[in-house]
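Peer 1: Mind having a look at this structure? Questions to follow.
Computed from the coordinates by the stated procedures, all read-outs in this text should not be read as laboratory data. Owing to the predicted nature of the structure, the values given are computational and were not obtained by experimental measurement. Quick reminder, even Gly has a Cβ in these numbers, built from the backbone with ideal geometry, and neighbours come from all protein chains shown.
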Amino acid sequence: MKKSLLLTLLSMCFILLLAACGGGNPEGGEDNSESGEGNSKGGEDTAAENEAAEEVEIEFWHAMSGPHEEQINSFVDQFNSEHENITVKPVNQGSYDDLEQKIMAAAKAGNLPTLSQAVTSVIPEYMNNDFIMPLNDFIEDSEIGLSDEELDDYVDVFRESSQWDGTYYSLPFSKSTRVLFYNKEILEDNGFEAPETWDDVRNIAETVTKDNVVGMGFENSYESEFQAVLNQMGGTFIDEETSEAQFASENGVEAMSLIMDMIDEEIARTAGEEDYMSNPFGRGDVAMYIGSSAGIPHVAGAAEGNIEWGTAPTPTLDGEAATVFAGNDIIMFNQAETAEQKAAWKFMKFLTSPEITAAWSMESGYLPVRYSAQELEEYQSFVEENDEYKAGTEQFDAGFFTARIQGSNKVRNILLEEFDNIQLGQKTVKEGLTDAQDRANETLQ
Amino acid sequence: MMSEPTWKSTFKAFLYLLPALLILIIFNIYPIIKSFLMSFYIDFDYFNNVVYERGVRNFIHLFQDPNFIKATLNTFIFVVGVVPISIILSLTIALFLNSKIKFLGFFRTIYFLPFVTSVVAVAIVWSWIFHSDYGLLNYFLGWFGIDPINWLTDPTYAMPALIILSIWKGLGFNIIIFLAGLQNINQQYYLAAQVDGASAWRRFTNMTLPLLSPTMFFVSIISIINGFKVFDEIFALFNGKPGPANSTLTVVYYVYQKFYEEYEFSLAAAAAFVLFIIVFIFTLVQLIIGKKFVHYD
């Protein structure tokens, strides 16, 4: 029961114990497979290697379940049948949190998979602990790499969020952005079109808020919206170069007030106890809300039979457009052998190829990660039929991403706590942000 | 009955104990020692198991961290809120279930059900009961003219909500233990007391309670230890957050945050160790008090 956490901790320590007793040295045996010290793998392996030098099996950990997992499995099947010598084994590890915890435990035990899905914000931790593989050698490889045109075909904001100081540590995979969902009926009844600016949003929200309907909605963690408005005002959230939080600036206070004033005036609300906004929106309790584009299928489910809805790009401020792109990448760990890494790279390239990313996007609601994927006929007719998917890709040029630094989870926890304090009226916007910034900078040192 | 222990009998017993002992050592004792050692790591490479510097800084940091203080206080509030009410309620229900009523098996099953249901399922159901607009609880309170309460989003009510859920969830286990204890009491005592004309209340205070004291002692120790370790309920009820504005942050939740979310391995180990000490002291105090009031026939 309540022991589950403790048990995990304990079993991790146990794994450590086993690893220590196992006698295998984790650093050796990686690249020098010929040296014959197969003490950790057993003797059969060497025999197999001689037989078919290129036969490799790689594990791919992910956090996709249900229809998403089926889709991944079909990609894997396609890849496996196209590559005789490579067998990719997809392993569903549960939720993103579960996946992260399992990676942590596997890293400690020294048996990481070759490939995994990973949230971009956690990659710096993996870099710092030195178990993730830089990808430049593969990308630049003349045989299996990416040409300049191919590399440029990756959507800019994703390509940039996969690099740290010019080194690639990931390829984008299940990516999403923020879009504005609106209730067509409520807006039309009041003579409004979908909002384009924050002024529009406020205006509509003021008018349509009545009885049981609240005009505007935010997810519980609306730090994405805060960041977007802050960016539109020209402010900085966290400086990636110096790892310094700067969001308590004048711009920061103004950006937060823009959101908080609407909540205080009760023309906007957060998801609150409902965890996600899709349910209240689907019931018709809120007229608009900003959420993740990956939530489109959830909204569709919640709204079915209740309301007519659509999506629009997130609102602009004084003509400035800016929206946060986030999501998951594919990463390679460095405990695998060279042949495995090569095979893994081929699979990464395959998963992010235009056809696959288009198919993935149509099935899952994540964004296509290649420009050319959007031009595929199939994709275009899909978007024609499902125009709620337009808003996401329309915002590529206005896209930016949260600073990817070590300790970003700590900063997020601090921020969520201080946001609560502000929202509950225990602190003013300025106090809350200043406290959050001070605490963030203290931990980021 | 019992003969003197010999080397042979000790060895034989040891063999029987060995499997359980091994598991305990590997999964409990070793990790406790290891995490105690880890709580002194200051500069270290967790994944490669290299330690460059040791010290007590983690503990100093803990007691200067307002969130840890808050977590400790919240944990105490939780224990004080849950344990007494839970014991009184479950004893009352156990007495009722121990009497001659119809559909006894049905009632016993009903009360035990929450205990065997997954915490996540329970929390999902309760998050609807606690819902401010659509929840049952506010609906009932409305009958008495009480305004809707934001159980899950108001820091004042988040802890009471968690306590209510935990009491309900833990009742079944306590009831079963109390029932077993009650059925162990020899009926002849009661017959004798009835002959002497003792009232039902007198029989309860002067016979049932003292004769039930070993069970009571067991239940209170287990409940308090479990109370200090609360985590799952919070995680599930508040959807992976320690309540609004950290209002239900407990020590174990703090450990979870530090270890899994923030990669502060040694700090998490230090916090876990502090919790261990707290629980240890409480159990010792209970043992001492127990010696005075518990009668083993």
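Peer 1: Along Cα→Cβ, 7 Å out, is where each label goes; now give me the distance between the ones at A:T443 and A:N306 in nm to one decimal.
Peer 2: 3.4 nm
Peer 1: Take peptides A:165-178, B:82-95 and line them up by average Cβ neighbours within 10 Å, highest first, as a rough protection proxy. List each step's numbers first, then the result.
Peer 2: Details: A:165-178: 20.9, B:82-95: 18.5.
By packing density, highest mean first, the sequence is A:165-178, B:82-95.
Peer 1: Alpha carbon centre of the stretch A:297-315 versus the stretch A:268-286: separation in Å?
Peer 2: Centre-to-centre (Cα) distance: 12 Å.
Peer 1: Using the charge dipole of the protein assembly as shown (Lys, Arg: +1 at Cβ; Asp, Glu: -1 at Cβ; taken about the Cα centre), state which of A:P90, B:G170, B:V50 has its Cα farthest towards the positive end.
Peer 2: Of A:P90, B:G170, B:V50, it is B:G170.
Peer 1: Still on this structure: So if a site counts as exposed when it's one of the trypsin sites (Lys or Arg not before Pro), its DSSP state isn't H, G, I, E or B, and it has at most 13 other Cβ atoms within 10 Å, what's the longest stretch of chain B without one?
Peer 2: The reported range is B:103-297.
Peer 1: I've got another one for you. Of A:H62, B:H131, how do they rank once you tally other Cβ atoms within 10 Å and put the fewest first?
Peer 2: Lowest to highest Cβ neighbour count: B:H131, A:H62.
Peer 1: From the phi angles alone, apply the Karplus equation (6.51, -1.76, 1.60; θ = phi - 60°) to the stretch A:358-375 and give each ³J(HN,Hα) in whole Hz, x where the residue is Gly or Pro.
Peer 2: Values per residue, Gly and Pro as x: 5, 4, 4, 5, 5, 7, 9, x, 6, 7, x, 9, 10, 4, 5, 4, 5, 8 Hz.
Peer 1: Okay, moving on. Say the cut-off is 23 Å between C-alpha atoms; which of A:K89/A:K346; A:K427/B:K70; A:K430/B:K258 go over it?
Peer 2: Exceeds cut-off: A:K430/B:K258.
Peer 1: For the stretch A:343-445, rounded, prolate or oblate, judged on the Cα gyration tensor with a ≥ b ≥ c (square roots of eigenvalues), a/c < 1.5 rounded, else prolate if a/b > b/c?
Peer 2: prolate
Peer 1: Non-local amide H neighbours of B:I42 (under 5 Å, H modeled in plane, Pro and chain starts lacking H): which ones?
Peer 2: Amide H neighbours of B:I42, under 5 Å, 5+ apart: B:E53, B:R54, B:G55.
Peer 1: What residues qualify as long-range amide H neighbours of A:L171, i.e. H under 5 Å apart, gap of 5 or more or another chain, H built at 1.01 Å from N?
Peer 2: So A:L171 has HN proximity to A:I330.
Peer 1: Enumerate the calculated ³J(HN,Hα) couplings along the stretch A:342-350 in order (Karplus 6.51 cos²θ - 1.76 cosθ + 1.60, θ = phi - 60°), each rounded to whole Hz, writing x wherever the residue is Gly or Pro.
Peer 2: With coefficients 6.51, -1.76 and 1.60, one gets 4, 4, 4, 4, 4, 5, 4, 5, 4 Hz.
Peer 1: Moving on. Have a look at A:G392, A:L135, A:A436 and report the one farthest towards the positive end of the charge dipole of chain A, computed about the Cα centre with Cβ charges (Lys/Arg +1, Asp/Glu -1).
Peer 2: Checking the options against the dipole of chain A, the answer is A:A436.
Peer 1: Now a separate question. Using a Förster distance of 25 Å, how high is the FRET efficiency between B:A13 and B:V279, based on the Cβ-Cβ distance and rounded to 0.05?
Peer 2: After rounding, the FRET efficiency stands at 0.30.
Peer 1: With a ≥ b ≥ c the root eigenvalues of the C-alpha gyration tensor of the stretch B:127-285, is it rounded (a/c under 1.5), prolate (a/b larger than b/c) or oblate?
Peer 2: Since a/c reaches 1.5 but b/c is at least a/b, the shape of the stretch B:127-285 is classed as oblate.
Peer 1: Tell me what the protein assembly as shown gives for mean residue ellipticity at 222 nm when only DSSP H runs of n ≥ 4 count, each as -39,500 (n - 2.57), the sum divided by the residue total, rounded to 500 deg cm²/dmol.
Peer 2: -17500 deg cm²/dmol
Peer 1: If you plug each phi of the stretch A:210-226 into the Karplus form 6.51 cos²θ - 1.76 cosθ + 1.60 with θ = phi - 60°, what whole-Hz ³J(HN,Hα) values come out, in order, with x for Gly and Pro?
Peer 2: Karplus-based 3J(HN,Hα) across the stretch A:210-226 equals 6, 6, 9, 9, 9, x, 10, x, 10, 5, 4, 9, 8, 5, 5, 5, 4 Hz.
Peer 1: With +1 on each Lys and Arg Cβ and -1 on each Asp and Glu Cβ, how big is the dipole of chain B about its Cα centre, in debye rounded to the nearest 20?
Peer 2: The dipole magnitude comes to about 1040 debye.
Peer 1: I need A:S95, A:S408 ordered by Cβ neighbour count within 10 Å, fewest first.
Peer 2: Least crowded to most crowded, the residues run A:S95, A:S408.
Peer 1: Give, as a single signed number, the net charge of other residues whose beta carbon lies under 11 Å from the beta carbon of A:W61, with Lys and Arg counted +1 and Asp and Glu -1.
Peer 2: That works out to -1.
Peer 1: Under 30 Å Cα-Cα from B:K292, which lysines qualify once same-chain neighbours fewer than 8 residues away are excluded?
Peer 2: Result set, ordered by chain and number: B:K229.
Peer 1: Given the C-alpha centroids of the stretch A:138-211 and the stretch B:36-93, what is the distance between them in whole angstrom?
Peer 2: The stretch A:138-211 and the stretch B:36-93 have Cα centres separated by 40 Å.
Peer 1: Which of B:V252, A:V213, B:V50 has the fewest other C-beta atoms within 10 Å, and how do the rest follow up to the most?
Peer 2: Exposure proxy ranking, most exposed first: B:V50, A:V213, B:V252.
Peer 1: Amide H neighbours of A:T87 under 5 Å, at least 5 residues apart or on other chains, H built in the peptide plane: list them.
Peer 2: Counting only residues 5 or more places away or on other chains, the set is A:V56, A:E57, A:I58.
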